Amino acid sequence: MAKPSLLSPLKSAGFLFKKPKTLRYPFELKEPAQRYRGFHLNDWGQCTGCGNCADICPNDAIQMVEIPELEPKLGEKKERPKLDYGRCCFCGLCVDICPPGSLRLSRDYFHIHFDTDTFTFLPKDEKANQENFLPAEKYSVLKASLSHRKENYEGFVSDLQYTLFEPERVHMPEVSPEERKVSFIEQVIGYNREEAQKEAGRCLGCQLCEEACPAHLKISDYIKAIFENKTDESLQKIFEDNPIPAICGRVCMKHCEDACSLRFRGEPLAIRWLKRYVADTTKDYKSALEQKHVKPSGKTVAVIGAGPGGLAVAYFLILKGHQVVVFDELPGGGGTMRIGPPLYRLPLESIDKDVDYIHSLGVEFKFNTKVGRDVSFEYLLKNYDAVFLGIGTTLSRSTKVKNSKKCLLALDFLKDNKIGKQCKVGKEVIVIGGGNVAMDVAREALRLQHMQYPKNSVVTKAVSLEDWDEMPATKEEIEEAKEEGIQFHPAWGPKEVVLDEKGCVKGLLCMKVKSVFDKQGRFAPTFYEEKERLLEGDMIIEAIGQAPDFSFISKKLFDQLKFTKYKKVYVDKNGMTSITGLFAGGDIVNVNLDAVTAIADAKIAVEGIDKYIC
Amino acid sequence: MKDPLKDKLTSAFDGIQIQPADRNQISITANKESILSVLSLLKSNGYNHLALISCVDWIEEKRFELVYILSAYMEKDKHFTDMEKTNIILKTSIYREKPQFISAIPIFENAEPYEREIHELYGIHFEGHPRLTPLFLEREYKTPPFRKDFDTRKYVSDVFDPIPFVGKKADKR
Amino acid sequence: MRELELYFGPQHLGMVGNFSITLKVEGDRILKATANPGYLHRGFEKLMELRSWIKNFPMVCRINVVEPDSMEMIYAMGVEKLAGIEVPERAHYIRSIYLELARVGSHLFGLWAYANMLGFDTVAQWAMYHRDLVLDLFEELTGGRVYHIYIWPGGVRRDFPEGFKDKIVNTLHSIGGCVPDYDNTFFNNRLFYERAKGIGTVTREEALAMGGTGQVLRATGMQYDVRRVEPYAAYDKVPWEVPTREDGDAYSRIWVVRDEMIESVHMIFKLLDAMPEGEVYNRIPNPFKWTIPNKEAYVRCESSRGELGLYLVSNGGDKPYRVHFRTPSYTHGLTILEKALKNASIADVGNIMISLYVVAPEIDR
């Protein structure tokens, strides 16, 4: 190569006369990029205090601190992230993991201060802190600091496509509506091992669900065990708090999933199905669970009702060494679970699996034994050290409109179909009610119609006082009912059951509903009297609620039983009613009316009973 | 890897294990006695680029694994054989109690700093190495710091003053 | 003449980063040079054994300040190889474009260092200014100017923002438009020729024997480039050249750097044209439950200074069991530098070191 010239640099001499390219900061400002990773912003309204940001932070720059004045909603913690800018590297992993997307980075990046304490702070945003976030006209870059920031100055924000968590659930295989509406085949097929592990792998371990679960199951632990394919360990974890996983894995009202932090921008973790997976894949509970030998205490406890509450009380008491006898009028265990949830949701084998295990531990079950008929309540109170009342609600309410005697009641209908003789249904069935029981009744009636009249056209109509948005049944239940072809007639109230000349049901006369609740939120339906319509049907089933049956308790004792203002049996913090030695739990005590709350009641009662008798 | 070379290796060295290629990567495990001969055989067969010498402390198995990563400098541009794409991971184990090995400098000159580093961080002595003096570290350590039984966090808390936690004084929000 | 011992660095205007060389000199001539790294030893590889797979991702880039991007790339490649994660097609293109931008940025930084060391302050300022324009692009794309934390296992962290293609093209045109100025003032300057020609010569044989890669090798006429040899990202999707020079001295190496920058810009244009639409990220497993099977992997890529490798071992846990970076400056700065400094003049120490493109933090790790 030839030697370069000495003169060539002179060609650049022209630059001497050009304007410099440098910015005259701070008079000329350079706007940070749209995605700039600067100081944190946190929307306190959305933040749940789940702590995933603190867990993912590579530098331990985030600490969860308790905020005493916060009033957390269900599925929220009283904590908020606190940043230490001596440690933070502004990588933004906390933004990408934040399930509700409340934590973001702004485009501010100035903070100069003599006091090192000011470098740690609780990020908020302009919604919660107008003092430090200023509009553009009041903002000056010369004063910029953590307490002088521009409002609406978001930088790096979370994007659902690039999150570190998986927002979508592993699809649960189900029997198609066409197939399932003609039989009682179980609708949900259940996860296999790969699916369960994959779904369990979505859990972030933030434990918001555990707070929300009435029985406080150690959800994140048993989910982690599923992920690691240790189903036995998982089952052990479940059994610490819940002895009926096969039942709860199918019909639990899953308060946990309502609290799951993945719910904000995706589907909550399928906690219920995962519990079911563990219960179903374990062939034999006994070999999976360690039975510790406990010294018998010599005390005996009677449990009235073999529903979830009664079963849980029996299980936890026998673990403490007490002798337990369970009385139930049904031929098997499960209580309401045995008669209520239709076969396509909760097969009898699953109930028996749980009950049999509890039985195998030494709990004595006296089935087909109705307290008050076969054995007196007073006898139990006298001869046992303690009695647990877990009778649930066994009487169906009636609308009591004209001719309502011609209607069937929900529980009778469900019970007969599940453990007795199948009912003969009409071709046009009307179900009154908008709750989950009404959905069960309607969907069961539809199946029976398809089975009994395979060639004819049949229809099931669901009439409810509530409109779509107020209907108490769960969304998925309504959705599945729609898929199967149930006709909905929301916001119509029954006025009269219309009979034909022979006295057979011809239809239901309805009135349009004006409102269901009054201003205080109490149930007080009002109607447009003039807007009437006749729904035709040859069979009407009422499913508008249940009530407990206390007829077995003598008047004298019943008068001693205190009730709360919600007409529930009053219990103290030990689960004991106002009658000494009588404990209670389940639907007669709580307002949630579900299995897992009954278990929660049972756990309280067990501690109370244990304290009382020892 | 070309089969002749594989044959050559298996016939010449006892106990050599060659794993099948996995996306341009071949793993060879050899006895510690034969490592230098394997290295020079590979070098003379085209794998003339020593990319890295590394060491892994398998504390539970009580051994150090020395890892030599070799690849081939290509001869000409635009002619790519699988050989140039291939990385060979040559491994051997030495006892953890007796951390001694032979230097590979006679075969690959750039082994020098790598071995020096392993000596410093793992405490493995390389025979024939001209200067096993400290490379990176300033302090003396009882346990060489990259061994698995060296607890970094414990060392830091034992030796240095704790980092004052900022914001302890007053909780400013 | 009397032999003297001279300490060069760790703080010296003629070198970049904290690195020192102990020179044994006789008059102006260096008899023996000993490199002393360790001023920036932070024990990254040990620290990474204590952090989970995803927590290491914001950390690896800090190993090399000048070009953090290829560090991110090599870590992502290693994890992807171990965990068997596939990367979407578009992400491959974005990675390549991003890495080439990083190469331009890094080379401009290198040019700044070199020109600054030689006393060409004007050129140094230009290079720094133009590097800043590249950093503006990074800021736009990733939200960070220096540590971008952008390439993660499974793809890249965000797609191109709207209108970003045009911004890349405009910026690169405005930098490219200054190539004649650079040439006039620096590359075709007789002073540069006189200072660099024949200085710090590393012959091809020496480079091969000592494990040289990158410019050190390409300045001796060898077209060895990992992007070519074992293509990753989208480097096999578009045609491009490997610029070389013949003499193996500082002059050749800096010219290779210049040519490479220009080639990179051309490559970016081609990649931008060929870039498909689609996803840019395949979601990695839940970071709190992520374990990688018991396996080992060696991956390599071409950083702006040569072959960058990563030996990554997992024992089936949620953290790496062993991480070892093979950084190009390690060989260049410890083995080759010591050799190249022999018989050189004291005034050329910085010249040789920077032309070998030694970046101290990368050696120490």
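The values are calculated or read from the model by the stated rules, or taken from the named source; none is laboratory data. Being a predicted model, the structure only gives us computed values, none of them experimental. Positions of Cβ are backbone-derived with ideal geometry, glycine not excepted, and every protein chain shown enters the neighbour counts. Heavy atoms of the whole protein, side chains included, go into the accessibility calculation; ligands, DNA and RNA do not. Shrake-Rupley method; radii C 1.70, N 1.55, O 1.52, S 1.80 Å.
Put A:376, B:54, A:457 in order of accessible area, largest first, 1.4 Å probe: what do you get?
On the way: A:376 50, B:54 0, A:457 105 Å².
Ranked list, largest accessible area first: A:457, A:376, B:54.
For the pairs C:24/C:197; A:11/C:24; A:224/C:46, note any where the Cα-Cα span goes beyond 31 Å.
With Cα atoms farther than 31 Å apart: A:11/C:24.
Report the FRET efficiency, 1/(1 + (r/R0)^6), for residue A:348 and residue A:479, where r is their Cβ-Cβ distance and R0 is 25 Å, rounded to 0.05.
0.45
Which chymotrypsin sites (Phe, Trp or Tyr not before Pro) does the stretch A:370-466 hold that lie in a coil by DSSP with at most 10 other beta carbons within 10 Å?
The qualifying sites: there are none.
For the pair residue A:526/residue A:500, report the inter-label distance in nm, with labels modelled 7 Å from Cα in the Cβ direction.
That separation, rounded to one decimal, is 3.9 nm.
Using a 1.4 angstrom probe, figure out how much accessible area the protein assembly as shown has per residue, in square angstrom, rounded to the nearest whole.
42 Å²
Among A:591, A:491, A:507, which residue has its Cα furthest toward the positive end of the charge dipole of the stretch A:445-592, with +1 on Lys/Arg Cβ and -1 on Asp/Glu Cβ?
Of A:591, A:491, A:507, it is A:591.
Enumerate the calculated ³J(HN,Hα) couplings along the stretch A:452-457 in order (Karplus 6.51 cos²θ - 1.76 cosθ + 1.60, θ = phi - 60°), each rounded to whole Hz, writing x wherever the residue is Gly or Pro.
8, 10, x, 9, 8, 7
Given a Förster distance of 51 angstrom, what is the FRET efficiency for residue B:140 paired with residue A:572, based on the Cβ-Cβ distance and rounded to 0.05?
Efficiency, from the Cβ-Cβ distance: 0.15.
Note the full-extension length gain between residue A:564 and residue A:141 as 0.36 nm times their separation in residues minus their Cα-Cα distance, in nm to one decimal.
Working: separation 423, 0.36 × 423 = 152.28 nm, distance 6.11 nm.
Length gained between residue A:564 and residue A:141: 146.2 nm.
Near residue B:85, which lysines are there with a Cα under 19 Å away, not counting those fewer than 8 places off in the same chain?
Residue B:85 reaches B:2, B:6, B:43, B:76, C:81, C:237.
Just to check, using Stokes-Einstein with a Kirkwood Rh over alpha carbon pairs, what's the diffusion coefficient of the stretch A:395-546 at 20 °C and 1.002 mPa s in µm²/s?
138 µm²/s
Among the aspartates and glutamates, which have Cα under 20 Å from the Cα of residue C:32 when same-chain residues fewer than 8 positions away are ignored?
Correct list for residue C:32: B:109, B:112, C:3, C:5, C:206, C:249, C:338, C:348.
Which value, in nm² and rounded to one decimal, describes the direction-averaged projected area of the C-alpha convex hull of the stretch A:282-407?
9.8 nm²
Just name one of B:106, B:44, B:156: the one whose Cα is farthest towards the positive end of the charge dipole of the stretch B:3-172 (beta-carbon charges, Lys/Arg +1, Asp/Glu -1).
About the Cα centre, the residue reaching furthest to the positive side is B:156.
Before rounding to the nearest 500, sum -39500 (n - 2.57) across all DSSP H runs of length at least 4 in chain A and divide by the residue total; then give [θ] at 222 nm in deg cm²/dmol.
-7500 deg cm²/dmol
Excluding ligands and nucleic acids, what accessible area in Å² is computed for residue A:264 using a 1.4 Å probe, to the nearest 10?
For residue A:264, the solvent-accessible surface is approximately 80 Å².
Using a simple charge model, +1 on the beta-carbon of Lys and Arg, -1 on the beta-carbon of Asp and Glu, nothing else, what dipole does the stretch A:395-546 show about its Cα centre, in debye to the nearest 20?
With only Lys, Arg, Asp and Glu charged at Cβ, the dipole is about 540 debye.
How crowded by other chains is C:56-69, given as the mean number of beta carbons from other chains within 10 Å of each beta carbon?
Partner-chain Cβ atoms within 10 Å, mean over residues of C:56-69: 1.
Can you tell me the orientation of helix C:121-142 relative to chain C, as the angle in degrees between its alpha-carbon axis and the longest Cα principal axis, to the nearest 10?
Helix C:121-142 and the main axis of chain C meet at about 10 degrees.
Report the label-to-label distance for residue A:115 and residue C:165 in nanometres (one decimal), using points 7 Å from each Cα along the Cα→Cβ vector.
5.2 nm
Could you derive backbone 3J(HN,Hα) for the stretch A:24-41 from the dihedral phi with the Karplus parameters 6.51, -1.76 and 1.60 (θ = phi - 60°), listing whole Hz in sequence and x where the residue is Gly or Pro?
Once rounded to whole Hz, the list reads 8, 6, x, 6, 10, 9, 10, 6, x, 5, 4, 9, 4, 9, x, 5, 7, 10.
Using helices alone, I'd like the mean residue ellipticity at 222 nm for chain C: each DSSP H run of four-plus residues gives -39500 (n - 2.57), total over residue count, nearest 500.
Computed mean residue ellipticity for chain C: -13000 deg cm²/dmol.
Ordering C:145, C:2, A:373, C:204 from largest to smallest accessible area (1.4 angstrom probe), what's the sequence?
Numbers: C:145 60, C:2 180, A:373 150, C:204 80 Å².
These residues rank, largest area first, as C:2, A:373, C:204, C:145.
Could you go through the stretch A:526-543 in sequence order and give the Karplus-derived ³J(HN,Hα) for each residue, using 6.51 cos²θ - 1.76 cosθ + 1.60 with θ = phi - 60°, rounded to whole Hz, and x for Gly and Pro?
10, 10, 8, 4, 7, 8, 10, 8, 9, 8, 7, x, 9, 8, 10, 10, 9, 9
D for the stretch A:306-359, whole µm²/s, Stokes-Einstein with Kirkwood Rh over alpha-carbon pairs at 20 °C and 1.002 mPa s: what number?
187 µm²/s
Leaving ligands, DNA and RNA out of it, rank C:7, C:39, A:570, A:36 by accessible area with a 1.4 Å probe, largest first.
The ranking, largest first, comes out as C:7, C:39, A:570, A:36.
Quantify how much of the Cα-Cα distance distribution of the stretch B:3-172 extends past 28 Å, in percent.
Result for the distance tail: 36 percent.
Which positions within the stretch A:150-187 get 20 Å² or more of their accessible surface covered by the other protein chains, compared to the chain by itself, with a 1.4 angstrom probe?
A:156, A:161, A:162, A:163, A:164, A:166
Given 20 °C and 1.002 mPa s, compute D for the protein assembly as shown with the Stokes-Einstein relation, Rh being the Kirkwood radius over Cα pairs; round to the nearest whole µm²/s.
Here the translational diffusion coefficient equals 61 µm²/s.
So what are the three principal axis dimensions of chain A from its Cα atoms, in whole Å, longest to shortest?
Principal-axis extents of the Cα atoms in chain A, largest first: 116, 67, 57 Å.
Mind checking which lysines have their Cα closer than 28 Å to the Cα of residue A:556? Skip sequence neighbours fewer than 8 apart in that chain.
Qualifying lysines at Cα under 28 Å: A:299, A:366, A:370, A:382, A:565, A:567, A:568, A:573, A:611.
Of the accessible area of chain A, with the probe set at 1.4 angstrom, what percent is carbon plus sulfur?
The value for chain A is 52 percent carbon and sulfur by accessible area.
How far is helix A:475-484 tilted off the main Cα axis of chain A, in degrees rounded to 10, range 0 to 90?
70 degrees
Once every Cα of the stretch A:23-145 carries one equal point scatterer and solvent is ignored, give the base-10 log of I(q)/I(0) from the Debye formula at q = 0.23 Å⁻¹, two decimals.
Debye output, listed in q order: -1.51.
Roughly how many nanometres apart are two label points built 7 Å out from the Cα toward the Cβ at residue A:424 and residue B:7?
Going from the residue A:424 label point to the residue B:7 one covers 8.8 nm.
Would you check the accessible area of residue C:275, probe 1.4 Å, heavy atoms only, in square angstrom rounded to 10?
For residue C:275, solvent-accessible area is about 20 Å².
State the Kirkwood hydrodynamic radius of the stretch C:273-334 in Å, one decimal place, computed from all pairs of distinct Cα atoms.
One over the average 1/r among Cα pairs gives 14.4 Å for the stretch C:273-334.
What is the calculated FRET efficiency for residue A:78 to residue A:19, with r their C-beta to C-beta distance and R₀ = 51 Å, to the nearest 0.05?
Here the calculated transfer efficiency is 0.35.
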